[in-house]
Each structure stands twice: as C-alpha cells, then as structure tokens.
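The values are calculated or read from the model by the stated rules, or taken from the named source; none is laboratory data. Note that the structure is a prediction, hence the values are computed from the model and not measured. Cβ sites come from the backbone with ideal geometry, for glycine too, and all protein chains shown count toward neighbours.
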Amino acid sequence: MDFQSAMTSLFSAEGRQDPYPAYDVLRGHAPIFQAIDDRWFVTTHELTSRILRDPGMRVSDAGDYDEFWPDWQENRGVAAIVQSMLQNNPPDHTRVRRAAASTFTARRVAAMRDVITRQAGELIEAMPDETDFMTAFAYPLPIGVICALLGVPDTDMPWFRRQAADLTVVLEPISTEEEMRAADAAARELENYFIGLIAERQRHPREDLTSALAAAGSGLTGSELLANLVLLLVAGFETTTNLLGTGLRILLDHPDLASRLRSDPGLAPAFVEEMLRYDSPVQLASRFTSAAVELDGRKLPAGSALTLLLGSANRDPARYPDPHRFDPDRPNVQPVSFGGGAHYCLGAPLARLEAQVAFPLLLATLPGLALAGVPEHRDRLVLRGYATLPITTG
Ligand code: HEM
C-alpha cells in the first residue's frame, strides 16, 4: 500500500474495518504530515504523547464554533459537547475539570465495584445460549453503571440508553443529517431529564454523583453542570462498550491466554491495558496549535489543526516491539487510548474497573464461551468497536 491508498483506506468504510495496515504505511511515511484540508496528521507514540501534554495546544471551543458554525447552539447534542469540559480551554477547563474531578473521585469509583459485579452477573445470567454479545452485555453494562453513578433510577435506564445511543454520534466528525436530528432530539430530552434530577437532588441530596456536582459551591454554572452531566453519559457509554467488545473478541481469538486469565483473575489489569493498546476504542483526537510551533522539523503556524491517530501511536514499533501481537506480558504498557495531559479521560479508572471485573466474571461463569459467527465493526471514524459480536455461551 502506498501513502495515497493508505489515506484513502483510512477514510473508507472497508479500510476502517482494519485500519492498522494503513497506519503502518502512514507512520512509515512520517511522524507528522499534512494532508486533507491542510490538516496535520500525527502517527507516532512519542509525538502523540508530547502533543497531548503540550500546554501550547488547545481544543476547539465555543469561540471556534461561533466562527465556522454560527448556529451550533441550535443542535443541543452538539451544544452539550461543545459546552462541556471536553471542549473547554483554560481558564474554564481548569475550573470545570477541578470541580468534576473533586466529585468523581477514586473512592467513588472503587465503591462501584459491587454495582458492576452485580450488574455484570445479572446480564450473564440472562444471556441465551446464542446471542449478540454487544446487545446482551457490552451495551447494557456501561450505561447501567453510569446510571448508578449518576443516581438515575433503574426504571429509567432503558430510556436513558436509547437517548445516549442517539447522542453518541456527536463525538464523530462526520454524520448524516438524520443522525444529527436524532442527537438534537435526544439531547433535549436528556437536558430536561437532568434539569428535573438536579432540582430533586438539590432538595434531597443522595450519595450519587449528580448530588455531589449539583451541591452549592461546586463551582459550575447551571449550563456547565448540564453539559457535563450529558458529557459523562456520552463519553462513558460507547467507549466502554467498545472496550468490552474488542476485549472479548481478543480473548476468544486467544484461548490459551483466556484460560490463563480464567485461572488467575489477578492478571485482569495487565490484560485490559494491553486490550486498550491493541485496539483503542477511541481512534482519533484533535488539537489546534495556540501559537506557531515546530514539530519534528515541520513548522506549523498558529491555528493549525492536528489529528492524532491514537490507534497508530499504540501500534508504533518504536514504542512497542512486535506491536501487532497481543501480549499481556508486555512491560510498561501506557497506551494513549485515554488521551493524555489536561484532557486525560476523567472516566479512565471507571472504564478500567468495568473491564477488569467483567472479563474474569465472563470467563468464570461461561467456560464454553466461543465465537458463533462473523463479527462486524461499526463504521465510525473516532469510536472503534463492533456492531455485532455473535457468541455461544457453551
Ligand atoms: C476524555 C477515552 C471512558 C469520561 C476522554 C479522552 C479520551 C477518552 C481519548 C480525551 C479526548 C481528548 O483529549 O480530546 C475513553 C475511553 C474509554 C472512556 C477509551 C473507555 C474505554 C470514559 C468513562 C467516562 C469518561 C467511563 C465517565 C463516566 C470522560 C470525560 C472526558 C473524557 C469527562 C473529558 C475530560 C476533559 O476534557 O478534561 N476519554 N474514555 N470516559 N472522558 Fe473518557
């Protein structure tokens, strides 16, 4: 494959089924290069990590949207994400992130272990002999866990899940008009729902994250609170679903490794880190240069747009020898799958915990677990994962 066909492949539906051969070609071409609309693409682990941590880089924020899409606030799905910390820069980002991080603590995440174990157990219990793993487990678990975290009652969960699924498309740079309309409608419903929940928790606080965030003095304005509650839902749902789906597929493809994990659940953290590296649930991140900068000998003017190919960075042979091999014994695995620097994924400990609980439980409860058909990837640019993963539970 030459450079041009690698770029074409990356932006085609077939190429996206397996982007790794194209990443190899692009990384071999250069750590950073300019293509498509003058955008800069970054391919290596070293440069990606450096850019993510560089305070001279910024994310696109409300001010940028005002310029290139004056009506952006009319689509509430887009507005929720643009007004959330994901698309805030300092000083707003620093303030909002601090408020959110002070409530979304390690203690709160650790306390979710029992909830995750119970929910995962119930989903496994309810699985028929032949099923689609995505529908039966990978979609319901993360949304159930987020609902529990936020204090959304179990009875509202199916409704919540439908809205969240419609909203996820706002994380993608390319979508259809119909998808955008559905995202807008879902965001409006969710905003109304959260307005009710916030008011209720301000009157009668509980132990949940909504109560903590809504507490007076959390440092967030009303619209920031709303946008970031919606963000938690969007950012924590399909990403974790994809980790569960790709992770299970890896285990089914490597029965020897799966039986190691079955007999030693203490290996789960190492398996999950390697799963995140091997097939990152988030494939792209975007940044802009705040000022002119030189990267790997290329001069980028202020305002240059960068696309960081996270999936390529994770398979960089300069950082991970024999990168296309899944190897849970690999030392020093630090994938860029959760980003890095100021915007490092706030939910990373929760996503890790869900996967670390789920895989050993699945292997222990369903010893005959096997693939029962050909899995299909969803055709998405940013979020990589399966649309269907047919399994038999044995
Ligand atoms: C940010 C990945 C799960 C909440 C991010 C970013 C990445 C990411 C790559 C940074 C984006 C950037 O720098 O432009 C993932 C992956 C997950 C996952 C791969 C699952 C395997 C979760 C969960 C939650 C969550 C479970 C919460 C319930 C957030 C939030 C941010 C974020 C709030 C924004 C942080 C900021 O801008 O300061 N995530 N995420 N994520 N994630 Fe996650």
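Being under 22 Å from the mean Cα position of the chain (by Cα) and closer than 24 Å to residue 288 by Cα is the filter here; which residues of segment 1-18 pass it?
10, 11
Return the residue satisfying two criteria in turn: it lies in segment 342-374 and is within 20 Å of the chain's Cα centre (by Cα) and part of a loop (DSSP other than H, G, I, E, B), and of such residues it is farthest from the ligand (Cβ to nearest atom).
Among them, the one singled out is 344.
What are the pairs with Cβ atoms under 6 angstrom where one residue, in segment 367-394, is charged (D, E, K, R) and the other, located anywhere, is surrounded by fewer than 18 Cβ atoms within 10 Å (Cβ to Cβ)? Sequence gap at least six, or different chains.
These pairs meet every condition: 376/387; 376/388; 378/387; 379/13; 380/172.
So which residues in segment 80-99 are among the hydroxyl-bearing types (Ser, Thr, Tyr) and either crowded, with 20+ Cβ neighbours inside 10 Å or under 20 Å from residue 283 (Cβ atoms) (or both), if there are any at all? If you could, list the steps in order and put the result at the bottom.
At the first step, the residues of segment 80-99 found to be among the hydroxyl-bearing types (Ser, Thr, Tyr) are 84, 94.
84 - this is the single residue of segment 80-99 that is among the hydroxyl-bearing types (Ser, Thr, Tyr) and either crowded, with 20+ Cβ neighbours inside 10 Å or under 20 Å from residue 283 (Cβ atoms) (or both).
Here's the yes/no breakdown for (1) modelled with pLDDT of 90 or more; (2) under 19 Å from residue 79 (Cβ atoms); (3) surrounded by 15 or more Cβ atoms within 10 Å (Cβ to Cβ); (4) over 23 Å from the mean Cα position of the chain (by Cα):
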residue	(1), (2), (3), (4)
168	no, yes, yes, no
182	yes, yes, yes, no
186	yes, yes, yes, no
193	yes, yes, yes, yes
202	yes, no, no, yes
205	yes, no, no, yes
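When the residues of segment 286-299 are narrowed to those that are surrounded by fewer than 22 Cβ atoms within 10 Å (Cβ to Cβ) and part of a strand (DSSP E or B), which ends up farthest from the ligand (Cβ to nearest atom)?
First pass over segment 286-299, keeping only residues surrounded by fewer than 22 Cβ atoms within 10 Å (Cβ to Cβ): 286, 288-299.
Now narrow it down to the ones that are part of a strand (DSSP E or B): 286, 288-289, 293-295, 298-299.
Values: 286: 7, 288: 11, 289: 15, 293: 18, 294: 22, 295: 17, 298: 21, 299: 24 Å.
Here the answer is 299.
Just checking, does segment 238-249 include any residue being surrounded by 15 or more Cβ atoms within 10 Å (Cβ to Cβ) and more than 16 Å from the ligand (Cβ to nearest atom)?
no
Being in a loop (DSSP other than H, G, I, E, B) and at pLDDT below 95 is the filter; apply it to segment 85-107 and report the residue that is farthest from residue 69 (Cα to Cα).
Result: 105.
Among what's in segment 207-227 and is of a type outside the set (A, V, I, L, M) and not in a loop (DSSP other than H, G, I, E, B), pick the residue that is surrounded by the fewest Cβ atoms within 10 Å (Cβ to Cβ).
Looking at residues that are of a type outside the set (A, V, I, L, M) and not in a loop (DSSP other than H, G, I, E, B), I get 222.
Working carefully through the options 56, 63, 77, 121, find the one that is surrounded by fewer than 17 Cβ atoms within 10 Å (Cβ to Cβ), away from the ligand (no atom under 14 Å from the Cβ) and at pLDDT below 95.
Every option except 63 fails the conditions.
Sort through 344, 320 and tell me the only one that's farther than 30 Å from residue 94 by Cα and among the hydroxyl-bearing types (Ser, Thr, Tyr).
So the residue among 344, 320 that is farther than 30 Å from residue 94 by Cα and among the hydroxyl-bearing types (Ser, Thr, Tyr) is 320.
Here's a check for you: in segment 137-166, which residue that is more than 16 Å from the ligand (Cβ to nearest atom) and in a helix (DSSP H, G or I) is modelled with the lowest pLDDT?
Going through the qualifying residues, I end up with 154.
For residue 151, work out the one condition from (1) surrounded by fewer than 17 Cβ atoms within 10 Å (Cβ to Cβ); (2) on the phi > 0 side of the Ramachandran plot it doesn't fulfil.
Against the list (1) surrounded by fewer than 17 Cβ atoms within 10 Å (Cβ to Cβ); (2) on the phi > 0 side of the Ramachandran plot, residue 151 comes up short only on (1).
Among the helices (runs of 4 or more DSSP H) lying completely within segment 1-65, list those that include at least 3 residues that are of a type in the set (A, V, I, L, M, F, W, C).
Per the criteria, 3-10, 20-29, 45-53.
Give me the pairs, please: first residue somewhere in segment 250-265 and under 14 Å from residue 326 (Cα atoms), second residue anywhere and among the hydroxyl-bearing types (Ser, Thr, Tyr) and modelled with pLDDT of 95 or more, beta-carbon distance under 7 Å, and either six or more positions apart or on two chains.
From residues that are under 14 Å from residue 326 (Cα atoms), the pairs are 250/278.
Quick check on my filter: what residues within segment 355-371 are of a type in the set (Gly, Ala, Ser) and closer than 17 Å to residue 139 by Cα?
Scanning segment 355-371 gives 355, 358.
Which one is nearest to the chain's Cα centre (by Cα) among residues in segment 116-136 that are part of a helix (DSSP H, G or I) and under 14 Å from residue 367 (Cα atoms)?
Residues of segment 116-136 part of a helix (DSSP H, G or I): 116-125, 133-136.
From the residues that got through so far, the ones that are under 14 Å from residue 367 (Cα atoms) too are 124-125.
Values: 124: 23, 125: 27 Å.
For segment 116-136, the residue satisfying everything is 124.
Filter segment 300-328 for residues that are in contact (Cβ under 8 Å) with a residue 40 or more places away in the chain and more than 24 Å from the chain's Cα centre (by Cα) and give the result.
Across segment 300-328, the qualifying residues are 300, 304, 318.
This table checks each residue for (1) at pLDDT below 95; (2) in contact with a Lys or Arg (Cβ under 7 Å, 6 or more places away or on another chain).
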position	(1), (2)
214	yes, yes
220	yes, no
248	no, no
285	no, no
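Can residue 73 be described as free of Cβ contacts under 8 Å to residues at least 40 places away in the same chain, part of a helix (DSSP H, G or I) and within 27 Å of residue 97 (Cα to Cα)? Steps first, answer last, please.
Values: free of Cβ contacts under 8 Å to residues at least 40 places away in the same chain: yes; part of a helix (DSSP H, G or I): yes; within 27 Å of residue 97 (Cα to Cα): yes.
Spelling it out, residue 73 is indeed free of Cβ contacts under 8 Å to residues at least 40 places away in the same chain, part of a helix (DSSP H, G or I) and within 27 Å of residue 97 (Cα to Cα).
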